[in-house]
Each structure stands twice: as C-alpha cells, then as structure tokens.
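Visitor: Here you go, one structure.
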Ligand SMILES: [Ca+2]
Ligand SMILES: [Ca+2]
C-alpha cells in the first residue's frame, strides 16, 4: 500500500464511521419528537394515534376529504357519549411526541381539525410523563360543522395547567392525548363526537422567533441609522 492508498482508506473509513454515527443519530432521534415531523395520514394508517381503552369506536383512516380535498387522507376519531368505553373523545399517541420536548425545542403541536359531529368541541392536549401530567389551560373551541381549521396547541408553560412542576414533565413525555373537555382537566366529559384531524406537526420554540425578532430589531436599528445618515445629507432638489 502506498501512503496515498492509506490516506484514501483513511478517508473511506472516516466516511463509513461518520455515516454510521449519522445513522445511529437519526435512528435514536426517530424514537422521540423532532421539529418539523408531520403526520399527514397518507400511508393509510392511524399514524400511532389510538384510543386508550377497548373502545368500539376506533380511529379510522379516511382516504379522501382532508383539508386538501380529494384523496387527502385524514384520521377520524369518534365517541359515543353516554357511559363506558368509547364515551369520551380522546386520541392517544405514545410514539411521536415522546421524550424531552424542551431539549427538542418543541413548544407546540399544530394540526388541522374538522368537527364533523353535531356538538361543539373544546379541544385540549393532555401531556403525560412519569413526573406528572399537564393540560392545555385554554381549549380550542371548534363549532359543529367547522370545516377544516388549522389550530395550534401551545406547550409553553404559560399555556399549561399542572399541579406538578412543568420542567420535569416536559423533559420526559411518555404520551400526549387530544381530547374534549370544557374544563382544563383530564379525562373529559362523555360526548357524542366525530372529529377529523390531519397534518399534525411539532412546532419549534419561540426562541427561534425571538432570534428572528432580534434580527429584525437589528435590521430596524440599521434602517433608522441609515435614514438618519441620509437625512444629514443635503436634500436633493426634486424636479
Ligand atoms: Ca392528509
Ligand atoms: Ca391520499
């Protein structure tokens, strides 16, 4: 082997190791929440959303009629009202929004929702961890026949109600639930409901927005400075 061969081999090995590390990183990241992940239900599955108890009304993937219309799959969740399994509207996900939300920079979950039932819904998120739980302080009110609406569930501390310290809860999330209740407590009250959801995504921390805002402030300051500089110059007569 020449020295040049050795160098080439070294580069190849470095590439292989780097590739393996990237793969390992992406595999472990796949197990927890990541910014930008989106569930559009186009694979025909329920996208890891289910009901907690043996409900006779299991969520269903509907092949058409999502926000984009024809051929846009969405998930249909139903509840019966009354009592027993299936009486409450709830969708549980134990896969896609787990782990350290704070470390992942996730501070909200956005989705499209459509109230296909006859009763108005008060939608909230319930976040569960081994260190306690938390729930949306304010509901997203969705009237009957709402059509598809894009809604944002905030996971910022100021938008959550919790008896447990929020830090540890959001650092070790084991599942989230989308549910209906007029009050900020889980579980919700029984209701006969029919709810479509689609395009469920994890959204980034406002830190990113603050950065943008900071950048805009700098730009604004620069613009003001420029205007002042321009103003100091003798006015050009208009013709
Ligand atoms: Ca879809
Ligand atoms: Ca489709």
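Visitor: Could you run through region 116-138 and say how many residues are surrounded by fewer than 20 Cβ atoms within 10 Å (Cβ to Cβ), more than 20 Å from the chain's Cα centre (by Cα) and under 21 Å from residue 149 (Cβ atoms)?
Guide: 4
Visitor: Another question about this same structure. Taking region 49-83, which residues are buried (at least 16 other Cβ atoms within 10 Å of the Cβ), touching a residue at least 40 places away in the same chain (Cβ under 8 Å) and either within 16 Å of ligand 1 (Cβ to nearest atom) or assigned to a loop (DSSP other than H, G, I, E, B) (or both)?
Guide: Scanning region 49-83 gives 49, 51, 62, 65, 66, 67, 72, 73, 74, 75, 76, 77.
Visitor: If residue 46 satisfies all but one of (1) surrounded by fewer than 18 Cβ atoms within 10 Å (Cβ to Cβ); (2) within 16 Å of ligand 2 (Cβ to nearest atom), what's the number of the condition it fails?
Guide: (1)
Visitor: Mind checking whether some residue in region 92-107 is in contact (Cβ under 8 Å) with a residue 12 or more places away in the chain, in a loop (DSSP other than H, G, I, E, B), surrounded by 15 or more Cβ atoms within 10 Å (Cβ to Cβ) and within 16 Å of ligand 1 (Cβ to nearest atom)?
Guide: yes
Visitor: If you don't mind, another one. Report whether or not residue 96 is in contact with a strand residue (DSSP E or B) (Cβ under 7 Å, 6 or more places away or on another chain) and closer than 28 Å to residue 32 by Cα.
Guide: When the stated conditions are applied, residue 96 passes them.
Here, each number is a calculation from the coordinates, and none is a lab measurement. Just so we're clear, the structure is a prediction, and the values are computed from it rather than from any experiment. All Cβ positions, even for glycine, are placed from backbone atoms using ideal geometry, and neighbour counts span all protein chains on display.
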